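Bear in mind that the values in this text are calculations on the coordinates, not laboratory data. Quick caveat: nothing in here was measured; it's all calculated off a predicted structure. So basically every Cβ, Gly included, is an ideal-geometry build from the backbone, and we count neighbours across all protein chains shown.
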Amino acid sequence: MKILGIDIGGTGIKGAPVELPSGEILAEHLHLPTPQPATPGAVTAAIKKMIQHFQFSGPVGAGFPGVMRKGVVETAVNLSPSWVGKNAEKLFKHGTKLSFSVINDADAAGLAEMTYGAGKKERGTVVMITLGTGIGSAVFIGGVLVPNTEFGHLTMRGKDAETIASAKAREVNDWSWKKWSKRVREYLHLVDRLINPDLIIVGGGVSQRAEKWLPRASKGVKAKVVPAKLHNEAGIVGAAMAGAKGG
Ligand code: BGC
């Protein structure tokens, strides 16, 4: 079964056709910059472009950077606020004439890691944390997803944690890996104390360079901490998995 997986982020929109159940990415992914402002109309236009690029016709799954309930956007901190209350699934469906299923982006990445990556066969409490424009989270208990956890917005140093520990925060502030990793460490300790997971999987583009910062960032964390195996592609593969379930 071939599904188009699309990972909608605050900075980029990435997509590729994925074969399921193997989880294999069938073509080099396409990366489009997220339109600014990222309004529903502008994001739908980018998604249309993505579908045209792959000349795709079939079911599509998308990961969206906000709380998603039955296709409806409840929060969209890193996109245009005009998304709130919109039915993303319906909007994309009407715009493309294809069937769509939309879930939270970090939940999508977590699903892929639990099936094909670092969380495979893990049956305890697993937390996936994605470090990108924002911080996303996905929680699995006995392999079952608890959706929309939003640990990126925990309070740390009196602030929204993603504003100090996301990958974007490192870039914006021009912090060294060392300086940033101390903030990530504080954040991972916070998550560790909150839910006491058995495993924390850290993903996002920065997981590709985990050796630069993860050993320091995971120091003293009780849970086992590992980088994502699918790195930044977890979001695409997980979105495709959601797409396979229909919309
Ligand atoms: C959003 C989450 C999302 C994360 C990563 C946060 O700002 O609230 O829903 O998963 O960014 O994109």
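Along the Cα→Cβ direction, 7 angstrom out, place labels at Thr39 and Glu74. What is the inter-label distance in nm?
With each label point 7 Å from Cα toward Cβ, the separation is 2.7 nm.
Just to be sure I understand: of the beta bridges DSSP finds with both ends in the chain, what percent are antiparallel, rounded to 5?
On the way: 28 of 46 bridges.
Here the antiparallel bridges make up roughly 60 percent for the chain.
Suppose every K and R has +1 on its Cβ and every D and E has -1 on its Cβ; what is the size of the dipole of segment 99-240 about the Cα centre, in Debye to the nearest 20?
Details: 20 positive and 14 negative charges, 150 e Å.
Approximately 720 debye in magnitude.
Could you work out how far apart the two model spin labels at Ser82 and Ile141 are, taking each label as a point 7 Å from the Cα in the direction of the beta carbon, and quote it in nm?
Between Ser82 and Ile141, the simple spin-label model gives 4.0 nm.
Under a point-charge model restricted to the Cβ atoms of Lys and Arg (+1) and Asp and Glu (-1), what is the dipole moment magnitude of the chain relative to its Cα centre, in debye to the nearest 20? Can you show the working numbers first?
On the way: 31 positive and 20 negative charges, 81 e Å.
Computed about the Cα centre, the dipole is about 380 debye.
Mean residue ellipticity at 222 nm from the helices of the chain, using -39,500 (n - 2.57) per DSSP H segment of n ≥ 4 over the full residue count, to the nearest 500 deg cm²/dmol?
Working: 8 runs with 80 residues, N = 247.
That comes out to -9500 deg cm²/dmol.
Helix 234-244 versus the longest principal axis of the chain: what angle, 0 to 90°, nearest 10, using Cα atoms?
So the helix axis and the longest Cα principal axis differ by about 40 degrees.
State whether segment 182-247 is rounded, prolate or oblate according to the following rule on the C-alpha gyration tensor (a ≥ b ≥ c being the square roots of its eigenvalues): a/c under 1.5 gives rounded; otherwise a/b larger than b/c gives prolate, and the remaining case gives oblate.
On the way: a/c = 3.03, a/b = 1.69, b/c = 1.79.
Cα axes put segment 182-247 in the oblate bin.
For the pair Ser99 and Ala27, what calculated FRET efficiency results from E = 1/(1 + (r/R0)^6), where r is the Cβ-Cβ distance and R0 = 25 Å, to the nearest 0.05?
Using R0 = 25 Å, I get an efficiency of 0.80.
Counting other Cβ atoms within 10 Å, which trypsin sites (Lys or Arg not before Pro) in segment 140-247 have at most 16 and lie in a DSSP loop? Mind showing how you got there, number by number?
Numbers: sites: Arg157, Lys159, Lys168, Arg170, Lys178, Lys179, Lys182, Arg183, Arg185, Arg193, Arg209, Lys212, Arg216, Lys219, Lys222, Lys224, Lys229, Lys245; in loops: Arg157, Lys219, Lys222, Lys229, Lys245.
Counting only loop positions with at most 16 other Cβ atoms within 10 Å, the trypsin sites (Lys or Arg not before Pro) in segment 140-247 are Arg157, Lys219, Lys222, Lys245.
Between the DSSP loop rule and a limit of at most 16 other Cβ atoms within 10 Å, which trypsin sites (Lys or Arg not before Pro) in segment 1-84 are left?
On the way: sites: Lys2, Lys14, Lys48, Lys49, Arg69, Lys70; in loops: Lys70.
Counting only loop positions with at most 16 other Cβ atoms within 10 Å, the trypsin sites (Lys or Arg not before Pro) in segment 1-84 are Lys70.
For segment 121-229, just say rounded, prolate or oblate: build the C-alpha gyration tensor, square-root its eigenvalues into a ≥ b ≥ c, call rounded for a/c under 1.5, and beyond that prolate if a/b exceeds b/c, oblate if not. Mind showing how you got there, number by number?
On the way: a/c = 1.69, a/b = 1.44, b/c = 1.17.
Verdict is prolate for segment 121-229.
Suppose R0 equals 51 Å. What FRET efficiency, 1/(1 + (r/R0)^6) with r the Cβ-Cβ distance, do Lys2 and Val221 give to the nearest 0.05? If you can, show how the numbers build up before the last one.
Details: r = 39 Å, r/R0 = 0.76.
That pair, Lys2 with Val221, gives E of 0.85.
If I histogram all Cα-Cα distances within segment 1-74 using bins 10 Å wide from 0, what percent of pairs lands in each bin?
Taking every Cα pair in segment 1-74, the percentages come to 19, 52, 28, 2.
Based on the Kirkwood radius over alpha-carbon pairs, what is the Stokes-Einstein translational diffusion coefficient of segment 68-148 at 4 °C with 1.567 mPa s viscosity, in µm²/s?
Values: Rh = 13.8 Å.
In µm²/s, the coefficient is 94.
Net charge near Lys93, counting Lys/Arg +1 and Asp/Glu -1 over other residues with Cβ under 14 Å of its Cβ? Present the calculation step by step, with values, prior to reporting the outcome.
Working: positive: Lys48, Lys70, Lys86, Lys90, Lys97; negative: Glu89.
Residues near Lys93 contribute +4 overall.
On C-alpha positions alone, give me the angle between the axis of helix 105-116 and the longest principal axis of the chain, in degrees, nearest 10.
80 degrees
Given axes a ≥ b ≥ c from the Cα gyration tensor, I'd like to know whether the chain is rounded (a/c under 1.5), prolate (a/b larger than b/c) or oblate.
On the way: a/c = 1.76, a/b = 1.45, b/c = 1.21.
Verdict is prolate for the chain.
Report the net charge of residues surrounding Gly152, where surrounding means a beta-carbon distance below 10 angstrom and charges are Lys +1, Arg +1, Asp -1, Glu -1. Each step should come with its number before you reach the end.
Details: positive: none; negative: Glu150, Asp160, Glu162.
With Lys, Arg at +1 and Asp, Glu at -1, the neighbours total -3.
From the phi of every residue in segment 132-148, what ³J(HN,Hα) in whole Hz does the Karplus formula 6.51 cos²θ - 1.76 cosθ + 1.60 yield, where θ is phi - 60° and glycine or proline is x?
Couplings: x, 4, x, 10, x, 9, 9, 10, 10, 10, x, x, 9, 6, 9, x, 6 Hz.
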